[in-house]
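Student: Structure in structure tokens, see below.
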Amino acid sequence: MTSILQADVYVSSRLPLAIKRQGETSSFSPISCTLIHGLTSAVLIDTPISISQTEDLAAWIKSTAPGKDLRYIYITHGHGDHWFGISTLRKHWPNLRALATPGTVAHMAEQIKPEIFEGTWLALFPGGQIPAVDGLESAEPMSSSGFELEGHEFRAVEVGHTDTYNTSVLHVPSIRLVVAGDAVYGDVHQYFGEANTTAKRQEWLRALNTIEALDPQTVIAGHKRAGTVDGLFNLHKTRQYILDFEDAVSKASNWKELAEDMRRRYPRRINPHAILRGAMAAFPEAAIAKV
Ligand SMILES: [Zn+2]
């Protein structure tokens, strides 16, 4: 039988944050984890954050692709919310290989330095929700731009700065599919905490052009509403949101005005708190203010 790949998307729960933002309780954005599978084997792209979310993902993989061997996990970029689950998945699939570009692997190492791991991740998710730092497993840096499963090519495409630096997407030409990580968002507010200059946001727009040039039929966003179809419209809407943010920056005189403007323009996107970090980062004088 010929191997024809199919794909399924798991959308995680929203983890409650232990820290209030502007006096309000909030939850983290839902995270997409994509399973691409053939006749007998499978590839996962990205993991959730917490141990219990990742155990839920493992059960979902086993029910979605029963008996198939999870051979690879590909990590799209270094933010911890896309790879802290690797060590939990390894307990279920001891032989799997976790892969990422060398740039992503370097970023992963940055994320577990104390100021970021303790200052951000443990502060947001305390009490053993995520593995201890010495229980986390990183990915191995890829020596080439891709790998293969059942004769199908999987290509890592580096797209530069999107919601952070050194990001990538995974292109699967045989099914014209791109797993876009956080280069593309679904119906969730986009994170501009690091894309805090016009130059970086222009780099993000160029990344979207790079993805579009791959001519995909399916584009899976890194953070999305469960149930949303993974169409190319996700890419177009991500581009429009960046252009709207740029316009809102030019019209706002402080970060609060900017945040309010984006909430007004996008009243229905998930996680309006995500825009606070971006709004503050766009106004350097707000950097001393804590979210
Ligand atoms: Zn990210």
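Student: With the dipole of segment 6-286 worked out from charges on the C-beta (+1 for Lys and Arg, -1 for Asp and Glu) around the Cα centre, which of GLN53, MET262, GLN217 lies farthest toward the positive end?
Tutor: Result: MET262.
Student: Follow-up. Using square roots of five times the C-alpha gyration tensor eigenvalues, list the equivalent-ellipsoid semi-axes of segment 188-286 in whole Å, biggest first.
Tutor: In descending order, the three semi-axes are 24, 16, 10 Å.
Student: Can I ask one more? For all pairs of alpha-carbon atoms in the chain, what percent lies in each bin of width 5 Å, listed from the first bin to the last filled one?
Tutor: The percentages, shortest bin first, are 1, 6, 13, 17, 19, 18, 13, 8, 4, 2, 0, 0, 0.
Student: Count the net charge of all other residues whose Cβ sits under 11 Å from the Cβ of TRP83, scoring Lys and Arg as +1 and Asp and Glu as -1.
Tutor: Details: positive: none; negative: ASP46, ASP81, GLU137.
Combined, the nearby Lys, Arg, Asp and Glu give -3.
Student: How big is the dipole moment of segment 6-286 about its Cα centre under a simple scheme where the beta carbon of each Lys and Arg is +1, that of each Asp and Glu is -1, and everything else is neutral? Debye, nearest 20, please. Could you put the intermediate results ahead of the total?
Tutor: On the way: 27 positive and 32 negative charges, 125 e Å.
Approximately 600 debye in magnitude.
Student: A further question follows. Determine the alpha carbon to alpha carbon distance for each of LYS20/LYS224; LYS20/LYS237; LYS91/LYS224; LYS20/LYS251; LYS91/LYS200; LYS113/LYS200 and list only those over 32 Å.
Tutor: Table pairs above 32 Å Cα-Cα are LYS91/LYS200.
Student: Angle check, please: helix 51-64 long axis (alpha carbons) against the longest principal axis of the chain (alpha carbons), in degrees 0 to 90, nearest 10.
Tutor: In the chain, helix 51-64 runs at an angle near 40 degrees to the longest axis.
Student: Going toward the positive end of the dipole of the chain, with +1 on Lys and Arg Cβ and -1 on Asp and Glu Cβ, which of SER13, ALA106, THR198 do you reach last?
Tutor: Projecting each Cα onto the dipole axis, the largest value belongs to SER13.
Student: Can you give the FRET efficiency for ASN254 and ALA132, using 1/(1 + (r/R0)^6), R0 = 35 Å, r = Cβ-Cβ distance, to the nearest 0.05?
Tutor: 0.35
Student: With runs of 4+ DSSP H residues as the only contributors, calculate the mean residue ellipticity of the chain at 222 nm using -39,500 (n - 2.57) per run, divided by the residue total and rounded to the nearest 500.
Tutor: Result for the chain, helices only: -9000 deg cm²/dmol.
Student: Which net charge results for the neighbourhood of ALA98, defined as the other residues with beta-carbon distances under 12 angstrom from its beta-carbon, given Lys and Arg at +1 and Asp and Glu at -1?
Tutor: So the environment of ALA98 carries a net charge of 0.
Student: Here's something else I'd like to know. Using θ = phi - 60° and the Karplus relation 6.51 cos²θ - 1.76 cosθ + 1.60, list the HN-Hα couplings for segment 185-198 in order, rounded to whole Hz, with x at every Gly or Pro.
Tutor: 10, x, 7, 9, 4, 7, 9, 10, x, 10, 7, 9, 9, 4
Student: Does anyone have the angle between helix 255-265 and the longest principal axis of the chain? Alpha-carbon axes, 0 to 90°, nearest 10?
Tutor: 60 degrees
Student: Of the DSSP beta bridges with both residues in the chain, give the percent that are antiparallel, rounding to the nearest 5.
Tutor: Working: 24 of 39 bridges.
Here the share of antiparallel DSSP bridges comes out near 60 percent.
Student: Check LYS68: other-chain or 5+ apart residues with amide H under 5 Å from its amide H, H built from backbone geometry?
Tutor: The answer is none.
Student: Relative to the longest principal axis of the chain, what angle (0 to 90°, nearest 10) does the C-alpha long axis of helix 233-251 take?
Tutor: Once rounded, one gets 20 degrees.
Student: Taking θ as phi - 60°, what are the ³J(HN,Hα) couplings along segment 174-179 by the Karplus curve (6.51, -1.76, 1.60), each to the nearest whole Hz, with x for Gly and Pro?
Tutor: With the stated coefficients, segment 174-179 comes to 5, 10, 6, 10, 10, 8 Hz.
Student: Just need the relative contact order of segment 6-286 here, percent rounded to a whole number, with Cα pairs under 8 Å and 6+ apart.
Tutor: About 16 percent, as a whole number.
Student: Which percent of the Cα-Cα distances in segment 1-159 go past 21 Å?
Tutor: 46 percent
Student: Where does the charge balance sit around GLN53 when Lys and Arg score +1, Asp and Glu -1, over other residues with C-beta under 14 Å from its C-beta?
Tutor: Residues close to GLN53 contribute a combined charge of -3.
Read-outs throughout are calculated quantities, based only on the coordinates presented, and are distinct from any laboratory measurement. Keep in mind that what you see is a predicted model, and the values were worked out from it rather than measured. Reconstructed Cβ throughout: ideal geometry from the backbone, glycine too, with neighbour counts over all protein chains shown.
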